[in-house]
1. Hey, got the dipole for the chain? About the Cα centre, +1 on K and R Cβ, -1 on D and E Cβ, debye to the nearest 20?
2. With the cut-off at 26 Å, report for the chain the share of all Cα pairs above it, as a whole percent.
3. If you project the alpha carbons of the range 192-294 onto the principal axes, what extent comes out on each, in Å, largest first?
4. Hey, what's the chain come to in accessible area per residue, 1.4 Å probe, Å²?
5. State the dimensionless ratio Rg/Rh of the range 102-252 (Rg: radius of gyration of Cα atoms; Rh: Kirkwood radius).
6. Of 79, 138, 276, which is the most mobile in a GNM of the chain whose springs link Cα atoms less than 10 angstrom apart?
7. Could you sort 148, 39 by accessible area so the largest value comes first, with the probe set to 1.4 Å?
8. Keeping every protein chain in place, order 48, 274 by accessible area at 1.4 Å, biggest value first, i.e. largest first.
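The values are calculated or read from the model by the stated rules, or taken from the named source; none is laboratory data. The shown structure was predicted, so the numbers you read here are calculated from the model rather than taken from an experiment. All Cβ positions, glycine included, derive from the backbone under ideal geometry; neighbour counts span all protein chains shown. Ligands, DNA and RNA are excluded from the accessible area calculation, which covers all protein heavy atoms including side chains. Shrake-Rupley method; radii C 1.70, N 1.55, O 1.52, S 1.80 Å.
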Amino acid sequence: MTPAERERLLVRILDALSDPKSAMAEGRPHHKAKGRAIDMLTLHFGSTGRVIYMAEELAVLYPGEDVFVPDILAVLDVQQPEDDPRMAWVVADEGRGLSLVLEVLHQGDRNKDLVANVERYARLGIPEYFVYDRLRQQVHGHRLPGPDATRYQRIVPQMGRHASAVLGLDLAVVGNRLQFFQGMAELFGSADLIGRLKGMMESLESRAEQAQAQAEQAQAQAEQAQAQAEQAQAQAEQAMAGLREALLAALAMRRIPCPDEARARLLACQDPATLQRWLLRAMSADSLEQILAE
């Protein structure tokens, strides 16, 4: 394209974009639905590595045709640059036309999207054309039956889903929103992923706090058990000390001699049952040998 031709092209594009009817805004609902759709598709194809170019509200010029600006367009086998320098998709320069167009219809011209564009996009050879009728929460799908066809066939929905051969995805209205599916898997946009990640983080934090609380409770219980065990041990030792003292007192009361060796044996005994048996014997036995007998 010569510089003069390109300048005339840009003039035509600017004229088209400045046309009040062509540039009529449909408000926030239209903008949000369109933005969410291209966000989901961009994330999906970016993660799968499939080579497909996507853009929103990019002016398109076919040779000999007036400029049109689809809500969303897709072109197969064209890389998606991180910083796209394109001001328009010029078919003569790109060497290929569009593969798919998706229009979001809210308060706009229904005849344009549902009738005129169906005829025009088919004549231009755009393989697939979808309309998300947000006002009525419907999807309309159209596909060229062959490479040389110039009239669309309606895509008959299956189980409420419209299959796109270009995208390799299904389109459906779910919960008053346009949703895309790959098989049974539902595509998610940035906001959905952020929400899910936030929920996962909150869940993990809650589980970590719960585990910490359980660990602290277990630690407290262990410390309490240890204290109880130490207390029981002290009580047991105190009880055995009492048995030893009672045994020695009984020997003294009954004037039974207790040599140092026997005293050491009594004081070293750690079996409360043995101490109790010796004490009972001390009440009636006549000698230390009878008391300490096995």
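1. Using Cβ point charges on Lys, Arg, Asp and Glu, the chain gives about 840 debye.
2. Above the 26 Å cut-off, the chain has 63 percent of its Cα pairs.
3. If we take the Cα atoms of the range 192-294, the spans are 93, 21, 21 Å.
4. 61 Å²
5. 1.69
6. 276
7. 148, 39
8. Of 48, 274, the descending order of accessible area is 48, 274.
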